[in-house]
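Undergrad: Dumping the structure here so I can ask a few things about it.
The values are calculated or read from the model by the stated rules, or taken from the named source; none is laboratory data. Everything numeric here is computed off the predicted structure, so don't read it as measured data. For neighbour counting, all protein chains shown are included, and Cβ atoms are generated from backbone atoms with ideal geometry for every residue, glycine included.
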Amino acid sequence: MIEKIALFGGSRNLVGVVTQPVAGDGPAPGLAFVLLNAGVIHHVGPNRINVKLARRLADSGFTSMRFDLSGIGDSRASQSTLSFEAQAVADIRAAMDYLQAACAVRRFVLVGLCSGADNAYATTPDERVYGLVMLEPYAYPTWRTRMRFQAMRLRSPLWLANYVRRRIQRALGGARAPGEESPAPAGPGGESASGSYVRRKPPLADFAAGLRRVLERGGAAMATYSGSSLRVINHARELDRVLRPFGLAGRVSCRVWSETNHTFTELSAQGRLLDTIVTWAVELSGRSDGAVAAGRRSGGLG
Amino acid sequence: MRPFFFGDSKQPLFGIYHAPTAKAARRTAVLLCNPFGQEAIRAHRIYRVMADRLSRSGFHVLRFDYHATGDSSGDCSEASLGRWVDDVLTASEELSDTAGVSRVAWVGLRLGATTAALASARRPAALSDLVLWDPVVDGLAYLEELRRAHVAFLAEDLEFPPVHPFAAGTAETLEIDRALGFAIPPTLRQEIRALDLGALASLRAPRVCMIASIMTEEMGRLQTALASREGQVSWKTLGASEAWNSEQAMNSLIIPVDAMNAIIEWLEETR
């Protein structure tokens, strides 16, 4: 595994770290990964998860880059007048440009948690986006979600005690109380958030269209939701259900890890996440290599 | 601002050097020493802003990641205070070489302050000034703080939190092997547990600035212990407690400006 600094972007204001496999670290698939910021946390990711993921991916033969969007972490603010959302997409495209030139890769998987997942989705119009790893992306609760959540409450002996404790803490002006009425910080249901990031959930049809773009390229998407988001999604099949009217049932790999929190605080949760992503990536790369070979045979994609 | 890898090429450290942007560069460089774990995540922005301000004031500045942290090499399971003390010395030398100055001031926050104090006892010739911001004075109390924060955070963040195994005792009776997303491997845990007033009181620097967000009992004991040492110790108490390990702190954009101003002003007094 080799790590190098990357300075890129229009005014070389963006800072990233490229992690590459060394010879013998497995096949060199035609895919590279771009690991995105979660909120305002710099490019190492929450709990250093981007660093861990980059090194695990390199062990499996994948190149990746973790980097900071303009104005976040080590990257300087952009001189452009784009909105934050549009600038994020421009920065991610710049990251792909950089890796494409440096590593001769033309297909990319975008990995993001929370705002990172939102930014990954927003970049799907770029033809190079071949995979999405969305951790705590947007969620679209249904009546089933709400019924199941109420059932979970009734089965949880600690729920009432926790609820009362949170209300008291909130009344005393303490930490955020993620109770029923409190805003889950940048949660997948989410129109509100902590910090500077206000999550604006797109209409379901738009979200489905973004996923479809990636899938129609032959790529893949996976989503994971946590036990911090059970209010808005609490069963792996729910994403399937809401995507079914758009012809996407069974097309997006979805997991709900109810004992894991929003930022994968427990080390065991981090380990499971890394295993899941790497396994998914290896499977996707097999498909990508096949698509590349087919493209070459037909004189198309290479 | 120039990111780079330095140190042992097989186990490189990641650093970001901020060259002076003032017309007249100062002849002192400033090394910023990270705290541990989740506090280091928050410190990133604080240090970025501080480094920018110091460089505008004419200082050369280096912020860096210890081994097994941030972008530096190493798995979290390799985290060790002893290694981090070595890393402070390596980084200080790197900064001195890069900047072409012989005088280096160190600024440490929380466990980074304690690490810097321990490194100062190794007495590098170049160390001129030492700023300790809310240092960890009592290692066991710090582990207990981390344990409580870990349990409280998960209870807060999960809709249906189970009873956490860390709720069954204290840092004295349990092996706290992780906190707020970061591993505390056995070596690091033992090193932290062993930290006491003596570790900080052994610091060696001509000028010392202590920044206390709030004057706690243990900071009071530290003040007494440092009163008898040779050299100048300047105390600045800000009167507002920083909840370094709170949930709000984790994704916070808020910079403790009063502490930062106090540190920069004190460093600017140097020359």
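Undergrad: Would you confirm whether any residue within the stretch A:76-84 is more than 24 Å from B:Ser77 (Cβ to Cβ) and part of a helix (DSSP H, G or I)?
TA: Yes, the conditions are met somewhere in the stretch A:76-84.
Undergrad: Scan the stretch B:12-24 for residues that are in a loop (DSSP other than H, G, I, E, B) and in contact with a strand residue (DSSP E or B) (Cβ under 7 Å, 6 or more places away or on another chain) and jot them down.
TA: Correct list: B:Pro12, B:Ala19, B:Pro20.
Undergrad: Take A:Asn13 and decide whether it is closer than 30 Å to A:Ala269 by Cβ and polar (S, T, N, Q).
TA: The answer is no for A:Asn13.
Undergrad: Quick check on the stretch B:167-178: of everything there that is small (Gly, Ala, Ser) and either within 9 Å of another protein chain (Cβ to nearest Cβ) or more than 24 Å from the chain's Cα centre (by Cα) (or both), which residue is surrounded by the fewest Cβ atoms within 10 Å (Cβ to Cβ)?
TA: Among those that are small (Gly, Ala, Ser) and either within 9 Å of another protein chain (Cβ to nearest Cβ) or more than 24 Å from the chain's Cα centre (by Cα) (or both), it is B:Ala168.
Undergrad: Now, a different point. If we keep just the residues of the stretch A:252-271 that are among the aliphatic types (A, V, I, L, M) and either at the interface with another protein chain (Cβ under 7 Å from one of its Cβ atoms) or in a helix (DSSP H, G or I) (or both), which is farthest from B:Gly181 (Cα to Cα)?
TA: Among those that are among the aliphatic types (A, V, I, L, M) and either at the interface with another protein chain (Cβ under 7 Å from one of its Cβ atoms) or in a helix (DSSP H, G or I) (or both), it is A:Ala269.
Undergrad: Could I ask something else about it? Restricting to helices (runs of 4 or more DSSP H) lying wholly in the stretch B:101-207: which have 1 or more residues that are farther than 23 Å from B:Cys33 by Cα?
TA: Answer list for the stretch B:101-207: B:139-157.
Undergrad: Within the stretch B:127-141, can one find any residue that is at pLDDT below 95, among the hydroxyl-bearing types (Ser, Thr, Tyr), under 18 Å from the mean Cα position of the chain (by Cα) and closer than 30 Å to B:Ala24 by Cα?
TA: Yes, there is a match, as at least one residue in the stretch B:127-141 is at pLDDT below 95, among the hydroxyl-bearing types (Ser, Thr, Tyr), under 18 Å from the mean Cα position of the chain (by Cα) and closer than 30 Å to B:Ala24 by Cα.
Table: residues versus (1) under 21 Å from A:Leu273 (Cβ atoms); (2) surrounded by 21 or more Cβ atoms within 10 Å (Cβ to Cβ); (3) out of contact with any helix residue (DSSP H, G or I) (no Cβ under 9 Å at 6 or more places or on another chain); (4) among the basic types (Lys, Arg).
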{"position": "A:Leu204", "(1), (2), (3), (4)": "no, no, no, no"}
{"position": "A:Arg213", "(1), (2), (3), (4)": "no, no, yes, yes"}
{"position": "A:Gly218", "(1), (2), (3), (4)": "no, no, no, no"}
{"position": "A:Ile233", "(1), (2), (3), (4)": "yes, yes, no, no"}
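Undergrad: Still on this structure, please answer the following. Can you find, within the stretch A:172-202, the residue that is modelled with the lowest pLDDT among those that are in contact with a helix residue (DSSP H, G or I) (Cβ under 6 Å, 6 or more places away or on another chain) and farther than 30 Å from A:Ala281 by Cβ?
TA: Looking at residues that are in contact with a helix residue (DSSP H, G or I) (Cβ under 6 Å, 6 or more places away or on another chain) and farther than 30 Å from A:Ala281 by Cβ, I get A:Gly179.
Undergrad: Count, please, the residues in the stretch A:207-239 that happen to be more than 18 Å from the chain's Cα centre (by Cα) and without any contact (Cβ under 8 Å) to a residue 24 or more places away in the chain.
TA: 2
Undergrad: Identify the residue in the stretch A:1-44 that is part of a loop (DSSP other than H, G, I, E, B) and among the hydrophobic types (A, V, I, L, M, F, W, C) and, among all such residues, is modelled with the lowest pLDDT.
TA: Per the criteria, the residue is A:Ala28.
Undergrad: Say we look at the stretch B:136-151 and pick out the residues that are in contact (Cβ under 8 Å) with a residue 60 or more places away in the chain and within 14 Å of chain A (Cβ to nearest Cβ); which of these is surrounded by the fewest Cβ atoms within 10 Å (Cβ to Cβ)?
TA: Per the criteria, the residue is B:Ala149.
Undergrad: Same structure, new question: How many of the residues making up the stretch A:205-239 are away from chain B (no Cβ under 14 Å) and either under 20 Å from A:Phe108 (Cβ atoms) or touching a Leu at 6+ places or on another chain (Cβ under 8 Å) (or both)?
TA: 18
Undergrad: Of everything in the stretch B:1-31, what is within 13 Å of chain A (Cβ to nearest Cβ) and of a type in the set (A, V, I, L, M, F, W, C)? Give them in sequence order.
TA: Of everything in the stretch B:1-31, those that are within 13 Å of chain A (Cβ to nearest Cβ) and of a type in the set (A, V, I, L, M, F, W, C) turn out to be B:Met1, B:Phe4, B:Phe5, B:Phe6, B:Leu13, B:Phe14, B:Ile16.
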